[in-house]
1. Over all alpha-carbon pairs of the stretch 1-125, lay out the pair-distance distribution in 5 Å bins, whole %, shortest bin first.
2. Only sites in a loop by DSSP and with at most 14 other Cβ atoms within 10 Å count here; which GluC sites (Glu not before Pro) in the stretch 1-79 make the cut?
3. Quantify, in whole percent, the carbon and sulfur part of the accessible surface of the stretch 42-81 (1.4 Å probe; protein heavy atoms only).
4. Would you give the gap between the C-alpha center of the stretch 92-159 and the C-alpha center of the stretch 5-59, rounded to a whole Å?
5. Using 0.36 nm times the number of residues separating residue 164 and residue 212, minus their current alpha carbon distance, what extension gain do you get?
6. Can you compute the modelled spin-label distance between residue 101 and residue 138, with each label point 7 Å from Cα toward Cβ, in nm?
7. Using the eigenvalues of the Cα gyration tensor, what equivalent ellipsoid semi-axes result for the stretch 19-69 when each is taken as the square root of five times the eigenvalue, whole Å, largest first?
8. Once the Cβ-Cβ distance between residue 172 and residue 197 is put in as r, and R0 is 51 Å, what FRET efficiency do you end up with, to the nearest 0.05?
Amino acid sequence: RLTRSIVPVVRMAEAVVDGERDLEVPDLGANEVGDLARQLGRMASELGEREAALAAEFEERRRLLTSVLPPRLIDDSGEIGGTGQAIDTATVIALIVEIDLATADDDEETEYLRRSILAIEEIADSHGVERVRTAADRHLLVAGLDRPGDAADDALAFVRDIRAAADAAVRSSGGEDEVSISVFAGLASGTVATGILERGSLTFGIWGEPVRRALAIAALSATDGVLIDESTVESLGERADGGGSRNDIVEASDVVALDGSPMKLSTLADV
């Protein structure tokens, strides 16, 4: 009779070890064993609250890191697992998405912009494209890091899907009278260098001629469209079979010069 109440307490302790945090505390009387059971119940509840707080802190840290660094550089413990320093062939994408709402206040425009950033990141993930940095309506992304080739096909597919998503968003909102979305992009392929910068705020940097070209031609695009430099077109041509993924790529009619040097550019036509 004296030891019978010990068994439920032992089972409670085993449940805590197994991860149970919401224990059903039996009434074992106003004695030492009953008091121990009540203390086990309180301890399990406090342990659950602390674990939830730690998990929330972990997710917040991981969210902050993934907002400035590629997810592949963050390990399962939420720590930075590498420097990201590499020299690789890749395709750089400079993307500008301008949103014009006919009747909206500042809060609505901010929310629309936030949703557009999330949509861009989701489409990028589906094509293996990494975000380098985002500033309001301007995005710098890259395809092909840490894998063979320059991933020009993935970069172009990403841009196509962004344009399609923008068109779908306009249609679902009631047409251009309600919302207008303009997509400008510049694509350039070649050798780039990457790495984590820890001076001041933590950032992921990318350098190289493709970065410079992509930013320049995206900014020079005078209409709602995409400009593709010769290196990317050549890279796509090496893998194209009878047109295939290139049937909407045409030579750009506007002559664009960078530092006084002519640039042979192509664009995406509506097909």
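1. P(r) for the stretch 1-125, in whole percents per bin: 2, 8, 11, 10, 9, 9, 8, 8, 7, 7, 6, 5, 4, 3, 1, 0.
2. Answer in residue order: 20, 24, 79.
3. Carbon and sulfur together cover 55 percent of it.
4. If you average the Cα positions of each part, the centres end up 47 Å apart.
5. 14.7 nm
6. Label at residue 101, label at residue 138, 2.3 nm between them.
7. Taking √(5λ) for each eigenvalue gives 38, 7, 5 Å, largest first.
8. That pair, residue 172 with residue 197, gives E of 0.85.
The values are calculated or read from the model by the stated rules, or taken from the named source; none is laboratory data. Everything numeric in this text was worked out from a predicted model, so none of it was measured. Neighbour counts run over all protein chains shown; Cβ positions are idealised from the backbone, glycine included. The protein model used for the area step is the full one, side chains on, heavy atoms only, and it has no ligands, DNA or RNA in it. Shrake-Rupley method; radii C 1.70, N 1.55, O 1.52, S 1.80 Å.
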